[in-house]
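S.K.: I have a structure here, written as structure tokens, and I will follow up with some questions on it.
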Amino acid sequence: MDVLVIGSGAREHALVAALERDPSVDGLCCAPGNAGIAVDTATEPVDVSDPAAIAALAQRLGVDLVVIGPEVPLVAGAADALAEAGVACFGPSAAAARLEGSKAFAKEIMAAANVATAAAHSCDDLDAVAAALDELGAPHVVKDDGLAAGKGVIVTNDRDAALAHATACINARSRVLVEEYLDGPEVSLFCITDGTTVVPLRPAQDFKRVGENDEGPNTGGMGAYTPLDWAPPNLTEEVVRDIAQPTIDEMRRRGTPFVGVLYVGLALTSKGTRVVEFNARFGDPETQSVLAMLTSPLGELLNAAAHGRLGERPPLTWRDGASVTVVLAADGYPSAPRAGDPIVVEGGPVPGTLILHAGTKTNGDQVLSAGGRVLSVVSVGQDLADARARAYRQLDSIHLPGSHYRRDIAAKAERGDITVP
Ligand code: AMP
Ligand code: GLY
């Protein structure tokens, strides 16, 4: 089959790399892609926020399946435009992608499906915000109600900072969410679904804060790893049974079935497993590590989901060991990333690693930075220690002026220092 992947990040580079390993994928194209994807894969320009342009490209290329990476095209209705054009699509309709596009909608679905999540107040003025902050107490969690690339949330003990963020959100969108604080480690579980059947991938952990020891502002994600040896052994089954399946059933019941990947962001709290957020797509950077471990053919899996035939697939298979992903970010990321710096990779590739591009572009023979998260290094190894060593060895050889990365990705897990309260 011929597959078109939409997007331009390291997640899409990981999707392309995994699809290339699937013998049933004969042709592969990525739009718009990036400098790293273009080395081995055909790319086409496209405006990802334009559903009609995505559908027209898919028709022109005559592809059998479109896999949509980012949330922006999904929320804009790319899956709907593809359905109208008669092209199979892995990714939810705009109506179903509201699970990510509106946090208030996600809360409504969770309430209807009896899914455990943080208590929340949807507020449209500052008096309501102040009352909610006082009722829920510190630490305060204040969330933008729309898409914000992982940067719309603040978690703070500072009531004035919480109020200031709420003011900015209300000014932008006339609504803001104030949430109960969830203690405990976070887990991401990606659930592939055809709208009825749910097939979970393996849980991974993401590092949202820019700095080591989880300090500094939230980002789109600075690193990830899998497996989570510290997590309860039945976590995946529990999350499918109590969270993903009831959510998918509720979406279908409402006449807006969700087809694609439901990203379940969880906190394992002292009161039990709680949903932090839903996303309507693969997470970045967790996808890089999760797909590095998957040995089942990814194209067949996503195509089965797009055609409502997930129930017919054999169980997924995985390689042994562990995978670590470390994101290399540009100078100034996340507040004001600088672009246009040259990226130089010294020496040959470290065995067991891949350099997956995100914010990069070519200029003649040079590769230049062109975004906040510039690239990620994903590694596989026999265990976390081995995978970490390989990833960091590869990072040592990558030179980008002013860039930074976290040196503590998966370090606590390697030391056995993560506990569930
Ligand atoms: P979200 O945009 O909802 O994914 O939130 C981004 C990040 O903010 C999460 O991954 C958490 O690290 C943090 N966060 C969000 N909601 C909460 C919460 N209720 N309690 C604690 N941390 C949270
Ligand atoms: N890993 C965070 C995200 O993809 O939203």
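S.K.: Residue 143 versus (1) under 16 Å from residue 219 (Cα atoms); (2) surrounded by fewer than 20 Cβ atoms within 10 Å (Cβ to Cβ): which is the lone unmet condition?
M.R.: Every condition holds for residue 143 apart from (2).
S.K.: Mind listing just one residue for me: the one in region 221-240 that is surrounded by fewer than 23 Cβ atoms within 10 Å (Cβ to Cβ) and either within 14 Å of ligand 1 (Cβ to nearest atom) or of a type in the set (Val, Ile, Thr) (or both) and, of those, nearest to residue 320 (Cα to Cα)?
M.R.: Going through the qualifying residues, I end up with 236.
S.K.: Look at region 273-324 and say how many of its residues are within 16 Å of ligand 1 (Cβ to nearest atom) and either outside any helix (DSSP H, G or I) or in contact with a Leu (Cβ under 6 Å, 6 or more places away or on another chain) (or both). I'd like the intermediate steps shown before the answer.
M.R.: Quick first cut of region 273-324, residues within 16 Å of ligand 1 (Cβ to nearest atom) only: 273-287.
Those still in the list that are either outside any helix (DSSP H, G or I) or in contact with a Leu (Cβ under 6 Å, 6 or more places away or on another chain) (or both) too: 273-285.
Residues that pass the stated criteria total 13.
S.K.: Restricting attention to region 5-35, which residues are free of Cβ contacts under 8 Å to residues at least 60 places away in the same chain and either assigned to a loop (DSSP other than H, G, I, E, B) or surrounded by fewer than 24 Cβ atoms within 10 Å (Cβ to Cβ) (or both)?
M.R.: Those that are free of Cβ contacts under 8 Å to residues at least 60 places away in the same chain and either assigned to a loop (DSSP other than H, G, I, E, B) or surrounded by fewer than 24 Cβ atoms within 10 Å (Cβ to Cβ) (or both): 20, 26, 27, 28, 29, 32, 33.
S.K.: For residue 206, only one of the following conditions fails: (1) at pLDDT 95 or above; (2) touching a helix residue (DSSP H, G or I) at 6+ places or on another chain (Cβ under 9 Å); (3) farther than 21 Å from residue 411 by Cβ; (4) of a type outside the set (S, T, N, Q). What is its number?
M.R.: Of the numbered conditions (1) at pLDDT 95 or above; (2) touching a helix residue (DSSP H, G or I) at 6+ places or on another chain (Cβ under 9 Å); (3) farther than 21 Å from residue 411 by Cβ; (4) of a type outside the set (S, T, N, Q), the odd one out for residue 206 is (3).
Yes/no per residue for (1) touching a His at 6+ places or on another chain (Cβ under 7 Å); (2) in contact (Cβ under 8 Å) with a residue 24 or more places away in the chain; (3) more than 16 Å from ligand 2 (Cβ to nearest atom):
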{"position": "234", "(1), (2), (3)": "no, no, yes"}
{"position": "265", "(1), (2), (3)": "no, yes, no"}
{"position": "271", "(1), (2), (3)": "no, no, yes"}
{"position": "275", "(1), (2), (3)": "no, yes, no"}
{"position": "302", "(1), (2), (3)": "no, yes, yes"}
{"position": "313", "(1), (2), (3)": "no, yes, yes"}
{"position": "317", "(1), (2), (3)": "no, no, yes"}
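S.K.: For the condition without any contact (Cβ under 8 Å) to a residue 60 or more places away in the chain, farther than 19 Å from residue 283 by Cβ and more than 15 Å from ligand 1 (Cβ to nearest atom), what is the one hit in 108, 135?
M.R.: One residue alone meets the criteria, 108.
S.K.: Here is a follow-up. With the condition being within 21 Å of residue 192 (Cα to Cα) and under 24 Å from the mean Cα position of the chain (by Cα), I'd like the strands (runs of 3 or more DSSP E) fully within region 74-152 carrying at least 1 qualifying residues.
M.R.: Result: 88-90.
S.K.: Quick check, is residue 257 part of a loop (DSSP other than H, G, I, E, B) and surrounded by fewer than 17 Cβ atoms within 10 Å (Cβ to Cβ)? Break it down into steps so the answer makes sense when it comes.
M.R.: Working: part of a loop (DSSP other than H, G, I, E, B): yes; surrounded by fewer than 17 Cβ atoms within 10 Å (Cβ to Cβ): no.
The answer is no for residue 257.
The values are calculated or read from the model by the stated rules, or taken from the named source; none is laboratory data. The model shown is predicted, which means the values in this text are computed figures rather than measured ones. Please note: Cβ atoms are built from the backbone with ideal geometry, for glycine as well, and neighbour counts cover all protein chains shown.
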